[in-house]
1. Please return the ranges of strands (runs of 3 or more DSSP E) entirely within the stretch B:15-96 where 2 or more residues are open to solvent by less than 30 Å² (accessible area, probe 1.4 Å), at the interface with chain A (Cβ under 8 Å from one of its Cβ atoms) and not aliphatic (A, V, I, L, M).
2. Checking A:P788 against (1) more than 30 Å from B:S58 (Cα to Cα); (2) surrounded by 15 or more Cβ atoms within 10 Å (Cβ to Cβ): exactly one of these is not met. Which one?
3. Return the total of residues in the stretch A:791-812 being surrounded by 16 or more Cβ atoms within 10 Å (Cβ to Cβ) and more than 14 Å from chain B (Cβ to nearest Cβ).
4. For the stretch A:313-332, how many residues meet the condition of being in a loop (DSSP other than H, G, I, E, B) and open to solvent by less than 20 Å² (accessible area, probe 1.4 Å)?
5. All but one of (1) crowded, with 19+ Cβ neighbours inside 10 Å; (2) in the same structural domain as A:G152 (by TED's automatic domain parsing); (3) among the aliphatic types (A, V, I, L, M) hold for A:L214; state the number of the condition that does not hold.
6. Every residue in the stretch A:552-587 that is of a type in the set (A, V, I, L, M), within 11 Å of another protein chain (Cβ to nearest Cβ) and within 17 Å of A:T634 (Cα to Cα), please.
7. Would you check if A:F335 is surrounded by 16 or more Cβ atoms within 10 Å (Cβ to Cβ) and assigned to a loop (DSSP other than H, G, I, E, B)?
8. Specify the residue that is farthest from the other protein chains (Cβ to nearest Cβ); the eligible residues are those in the stretch A:484-499 that are in a loop (DSSP other than H, G, I, E, B) and open to solvent by 50 Å² or more (accessible area, probe 1.4 Å).
Amino acid sequence: MRKENIVLIGNGMAGIRTIEEILKKEPNRFTITIFGKEPYPNYNRILLSKVLQGDSDINEIILNDYDWYEEKNITLYAGDEAEEIDKKKKVVRSRQGRECPYDHLIIATGSNAFMLPLPGADKEGVIAFRDIKDTEEMISASKKYRRAVVIGGGLLGLEAARGLLNLDMETEVVHNSSYLMERQLDEPASRMLKNDLEAQGMRFHMAKDTEKILGKKRVEGLKFKDGSTLEADLVVMAVGIRPNAVLAGASGIDTNRAILVNDHMETSVKDIYAVGECAEHNGIAYGLVAPLYEQGKVLAERICAKARTGTGYQGSLTYTQLKVSGVDVFSAGTFQDEEDTKAIRVHDEFEGIYKKVVVRDNRVVGAVLYGETADSPRLLEMMKKGQDITGLGKTIILPSEQEGGEAGSLTAAMEPFETICGCNGVCKGDIVEAIQKDGLTSVEEVKKHTNAARSCGGCKPLVADLLAHTLGDEAGEGLQEEPMCGCTDLTHEEVGEEIRTKQLTLTREVMNVLHWKTSEGCSKCRPAINYYLGVAHPKEYEDDPSSRFVNERMHANIQNDGTYSVVPRMYGGVTNPDQLRKIAEVADKYDVPLLKLTGGQRIDMLGIPKADLPSVWEDLNMPSGYAYAKSLRTVKTCVGEDFCRFGTQDSIGLGIAIEKKYDRLNTPHKVKMAVSACPRNCAESGIKDLGIVGVEGAWELYAGGNGGVDLKGGELLTKVQTTEEVIDTISAYLQYYRENARYLERTSHWIGRVGLEHVKSVILDNKEERKALIARMDTALEALPEDPWKSITSNEKKREELFEQKKVEVLQ
Amino acid sequence: MAETTETTAVYVADVEEFTKGIPKEIFVNGESIAFFKTNSDKIRAIRNSCPHKGGPLSQGIVSGDYVFCPLHDWKISTVDGKAQAPDVGCTHSYSVQVEGSSVYIQI
C-alpha cells in the first residue's frame, strides 16, 4: 500500500512539533516532506535573544539537527521556499522547481517581523530581529559599529537591546508609548523595569514616534516627529510580528489577519491545515510557544485519526516572560485594574519586588510579577482552572510571601498536576515520575526525557529545584558540581568520560562534539582537554603546544619581568664537578643574574631572556628538570646507607631509579617525591605526593602529602619489602591518579576527595586492576617523547617559532 | 618626523613566519609587539605588554580573539587590546595590513 504523503510548509517550531506528535502516534504511516525558507534545521527561535546576549551559540539552540530528519526518514528542503499550492492536483511547488504531491498539507509559515514603512527603512544597517540571519548581522555589526538604536520597547525590543549591550554597543531604545512593555505590564512594574534596564546601561527615548531614517547608503540616524534626532549605525526594528498568510491567501484559502482555522486546525480547504503563528483561531493568532504546541497536538490527533475527534483546540491562556538577564518579569491574563476587579499587591521597593494578582468574582484572572517570579506556575494553574479563592490566604496564592518558609523549595508545595513548563505543558507529576523511573540526575536529562525547559528555558530553575527536591540529599553533591570553565556546562569528569567513550582525539573535535560555547575555548579548558586527550591516547595523541601554559610551552619558568629560569635535572639531587663546572661556565657566559639552590635539591638559573634559552640548554647539555611542568618534578633523597650512620636503606639509589623511570610523564598537576632512608625523614617524605621512608628491611609509602598552600601530612599507603614492589606500587598509584583525578588537582586534594581507602582498594587490593594500571603506565612511559631541551635545540623551526625575538628598525 | 602623529607602514615579516595559536614577538623600532595569526588567517598586533603588570602577551594562550596573559591570566582582546571583565585596562593595538605575503604594521 502506498504511504500517505504529508507535506509541511515551514520548518519552524510549530510545524516540527506537529510532526513529532504525529510520529509519536504513527511512526511509519506517512512519507513526510518539509519545505523551509531558512537554510537551517528546526531551531528554537525564542532563544535567539540568548544567542545575541552571548549565553548560547547557534548550535545550542538547534532543536532537531539534520540527523533527526534523516533518522525519521523525513525529506527536508532547507532553504527552498514553497511557492504555490495547487489544490486541485494536491501538489505543492517550490521556488527551486520541486513538485510534491500531498494527502495532508500542513501550513506552518509562522510570522514575519513587521517593518515600519518609514522613509529610509531600506538603508543598509536597518534590520529586524526575527531569525538567525538577523542575529548574525547584529553580532557582525557590533564589531564595526558602536551606536545601536532599537525601535520598540516591547518584549522583543528589550531582549534585542540587552543583547546589543552585551555586544558592547551603545544602545538606545525608542518607544512610542510612555511605558515599556505596556501590553504586558502595568505602570509600577513598567517603571521598575525601566529603572533596572537603565542601571544596566540602556538609554530610553519614551513616547517618541520615528518620522524617518537618516543616512546615505547606510543608516546614520533617526528623525522623530517632534523634530529631534538620534545618531545610529544600526537600527533594529522590533515593533511586532505579522502572521505570514500570503501563500495561503494566494492559494484561495480563507484568511483574515491570519489563516482561519476551526477547533481541529482545519482551513477552509479540505486536507489543508494550519498551525502556529500563521493560524487564526476564534479571532486570535497566537505569537507564543505554548499555544502553538497545544495546537500541534490537536492537529496530529486530527491527521492520524482521519476524522475530528474530541473537543479539539479550545484556545489558550497566554502569558509572557521576559528573557533579560538580571530582570525577572512575568505577566498573564488581565493585568490592569478594571472596574469589577480587585487586586492583591506586594510592592517592596528596597528589594525591587512587585507582585499584583488581579481577582474578579473570587477568581484569579491575571497577574504581574516583577523581581521574583517563582509563583507564576501556581498562578497560571489557578487561572486555568478558574479556582475559587474565597477564604484562601495571601500566602497560599503567593507562597513566596510566606515568612522564611519558602526558602527551601519552590516546587515542594506544588500539586502533581500543576504545570512546571508552560511552553511544553509538562506538569510536576510528569517530571517527578521521569526522575524516579529513569534515574535522572541533571536538568539536561530532564529536558531530554520530558521536554520540560526545552523551549524558553524560563522554568529551568523550577526544574532544578524539583530535581533537587525529588532526589533529596543523595544528589545534593552531584548537582552542585562545577563545570570545567565558562566554555561548557560539563564537569572535568564528564569531559574525560566523553573523550573516552566517544573516542575523541583532537581538541577541536572535543569542543565541537561537546558543543563548546566558545569557538576556541579558554586558558582553563584548553590545557585540560590537551591533558585528558594525552592520557586517553598515550601512543597516538600529539601534544598541542598552543594549549600549553607558557612554562610548559617554553620549557622554562616565566618570571615577573618576562625572563625565564632554567633548572637542569640532577637525578636524586646528586651532582658532580663536571655538572657544576658546566653550570658555572654557562652562568658566566650568559651573565645569569641569580643562581639559587631549590628545595628539590638542584640549581635554578634565574633571569635568562627568552631568546637565550635554546643556546643555554645547548651549552648545558643536561636533561630538562621539568621544574615548570605538570609532571614529576624531583625525587628528593637523603644520604642513606652509604654515608649516614643511621641510614638503613639505599635512598639515593632508589630515588635516582624512580626519577629516571617517571621523568617527563604528564600528570594532572605537579608531582613531588622523596626517599628517606630512616624515619628521621631528612628528605621530608611526609609532605610529598608520594614519600618513601626506609625502615629496617622494608619501605613505607606515604601518599597525598603536600608542603605547599594546604600543608598536609601524607597518609600511610602501604609497607613493602622490595624496591620492585615500591616501583610497582608507584606505577599503579600514579597511573590511577593520572586517569582518575581532575586536571590541576594535586594528589592531596584528589585523595581528600575520593578517600585513601578507595585508592588502596583499587591499586593494592584489586590485583587485576593493579596489573592493568601498571601495564597502562608502561605504555605511557614507552610513548614519552625525548627530552624537550634536546629536541628543541636541534629543531631550527621550533627555535624560531618559539624563541626568536625578531627586530625591525625603520630608518627615520 | 618624530613629533607628528602620522603613522607609517612598516614591513615586519612574511605571513608564513607566523604560526596559528602561537604568538610571535617582534621588536619594531625597539618597541616589543605581539603578533597573532588567527584561525581565519588574519594577522593582529598588540603591544607585548599586559595592562596589568606588563606580562609578555606574546607568551600567552590564544583562544579565538583573546590572549590570556601568562603572568596572571588576564584575558586581553587581540582585536582592540582591551582587558575583559572583570579586569579593566587596555594595551595598544596596531593596525596591520597584508599585501601578498608581506605583513605591514602601522607605527
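The values are calculated or read from the model by the stated rules, or taken from the named source; none is laboratory data. If you're wondering where the values come from, they're calculated on a predicted model, not measured in any experiment. All Cβ positions, even for glycine, are placed from backbone atoms using ideal geometry, and neighbour counts span all protein chains on display. These area figures cover heavy atoms from the full protein model, side chains too; ligands, DNA and RNA do not enter into them. Shrake-Rupley method; radii C 1.70, N 1.55, O 1.52, S 1.80 Å.
1. Where strands (runs of 3 or more DSSP E) fall fully within the stretch B:15-96 and carry at least 2 residues being open to solvent by less than 30 Å² (accessible area, probe 1.4 Å), at the interface with chain A (Cβ under 8 Å from one of its Cβ atoms) and not aliphatic (A, V, I, L, M), they are B:24-28.
2. Just one mismatch for A:P788, condition (1).
3. Matching residues across the stretch A:791-812 total 1.
4. 2
5. Only one criterion in (1) crowded, with 19+ Cβ neighbours inside 10 Å; (2) in the same structural domain as A:G152 (by TED's automatic domain parsing); (3) among the aliphatic types (A, V, I, L, M) is unmet by A:L214, namely (1).
6. The one that is of a type in the set (A, V, I, L, M), within 11 Å of another protein chain (Cβ to nearest Cβ) and within 17 Å of A:T634 (Cα to Cα): A:A556.
7. yes
8. A:D489
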